[in-house]
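S.K.: Dropping a structure here in structure tokens format, bear with me for questions.
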Amino acid sequence: MDHSKHVRLSPQELIPSTLEGATIYGPEDEKIGSVAHVHGTGTDSQVVIDVGGFLGIGAKPVAVPVADLDFMRDESGHVHAVTTWTKDQLKAMPEHHH
């Protein structure tokens, strides 16, 4: 997928209703997880990503700063994000507890 043509989200769009459920792509353009939920709003918020698992079962939730993810919309309007982290790097992070 060519993410360079996708429209980046504005800071005002970095809110739970926009980000929750978004697919996260790693450095090799592979799907590495999805946004489970968001703490806060805007550029200071934290995003909890479910990493691994299958259909949400067995996934490990990890919290990362929203600023470390590049959120955008594709041609059909679907929100997703790109990160430089690999799935293994995210899985190595401490588990997020609600």
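The values are calculated or read from the model by the stated rules, or taken from the named source; none is laboratory data. This structure is a prediction, so every number in the text was calculated from the model and none was measured. Neighbour counts run over all protein chains shown; Cβ positions are idealised from the backbone, glycine included.
S.K.: Identify the residue in the range 75-89 that is touching a Lys or Arg at 6+ places or on another chain (Cβ under 9 Å) and at pLDDT 95 or above and, among all such residues, is nearest to LYS60 (Cα to Cα).
M.R.: HIS80
S.K.: Considering only the range 7-24, how many residues are among the β-branched types (Val, Ile, Thr) and in a strand (DSSP E or B)?
M.R.: Residues of the range 7-24 that are among the β-branched types (Val, Ile, Thr), as a first pass: 7, 15, 18, 23-24.
Now restrict to residues that are in a strand (DSSP E or B): 7, 23-24.
Here the count works out to 3.
S.K.: Another one. Give me the residue from the range 30-67 that is exposed (fewer than 14 other Cβ atoms within 10 Å of the Cβ) and either of a type in the set (Asp, Glu) or touching a residue at least 40 places away in the same chain (Cβ under 8 Å) (or both) and, out of that set, nearest to HIS98 (Cα to Cα).
M.R.: Looking at the filtered set, the residue picked out is ASP44.
S.K.: Scan the range 30-60 residue by residue and report those that are charged (D, E, K, R) and within 13 Å of the chain's Cα centre (by Cα).
M.R.: Within the range 30-60, the subset charged (D, E, K, R) is 30-31, 44, 50, 60.
Correct list: GLU30, LYS31, ASP50.
S.K.: Being out of contact with any strand residue (DSSP E or B) (no Cβ under 6 Å at 6 or more places or on another chain) and part of a loop (DSSP other than H, G, I, E, B) is the filter; apply it to the range 84-98 and report the residue that is surrounded by the most Cβ atoms within 10 Å (Cβ to Cβ). Before the answer, list the steps.
M.R.: Of the residues in the range 84-98, the ones out of contact with any strand residue (DSSP E or B) (no Cβ under 6 Å at 6 or more places or on another chain) are 84-86, 88-89, 92, 94, 97-98.
Then drop every residue that is not part of a loop (DSSP other than H, G, I, E, B), which leaves 84-86, 92, 94, 97-98.
Working: THR84: 10, TRP85: 21, THR86: 14, ALA92: 12, PRO94: 8, HIS97: 6, HIS98: 6.
Going through the qualifying residues, I end up with TRP85.
S.K.: If you don't mind, there's one more thing I want to ask. One residue is enough: does the range 11-24 have a residue meeting the conditions among the charged types (D, E, K, R) and farther than 17 Å from MET72 by Cβ? Spell out how you get there, then give the answer.
M.R.: Filtering the range 11-24 for residues among the charged types (D, E, K, R) gives 13, 20.
Now drop any that are not farther than 17 Å from MET72 by Cβ, which leaves none.
No: zero hits.
S.K.: Output the residues belonging to the range 32-43 that are more than 19 Å from TRP85 (Cα to Cα) and out of contact with any strand residue (DSSP E or B) (no Cβ under 6 Å at 6 or more places or on another chain). Give the derivation first.
M.R.: Of all residues in the range 32-43, those more than 19 Å from TRP85 (Cα to Cα) come to 39-42.
Passing the criteria: GLY40, THR41, GLY42.
S.K.: Follow-up. Given (1) touching a strand residue (DSSP E or B) at 6+ places or on another chain (Cβ under 9 Å); (2) within 20 Å of VAL7 (Cα to Cα); (3) part of a loop (DSSP other than H, G, I, E, B), where does SER76 come up short, assuming only one miss?
M.R.: Result: SER76 passes all but (1).
S.K.: I need the full set of residues from the range 50-73 which are part of a strand (DSSP E or B) and closer than 20 Å to MET1 by Cβ, in order please. Spell out the reasoning first.
M.R.: Of the residues in the range 50-73, the ones part of a strand (DSSP E or B) are 50-51, 54, 57, 60-65, 70-73.
Matches in the range 50-73: VAL51, ASP70, PHE71, MET72, ARG73.
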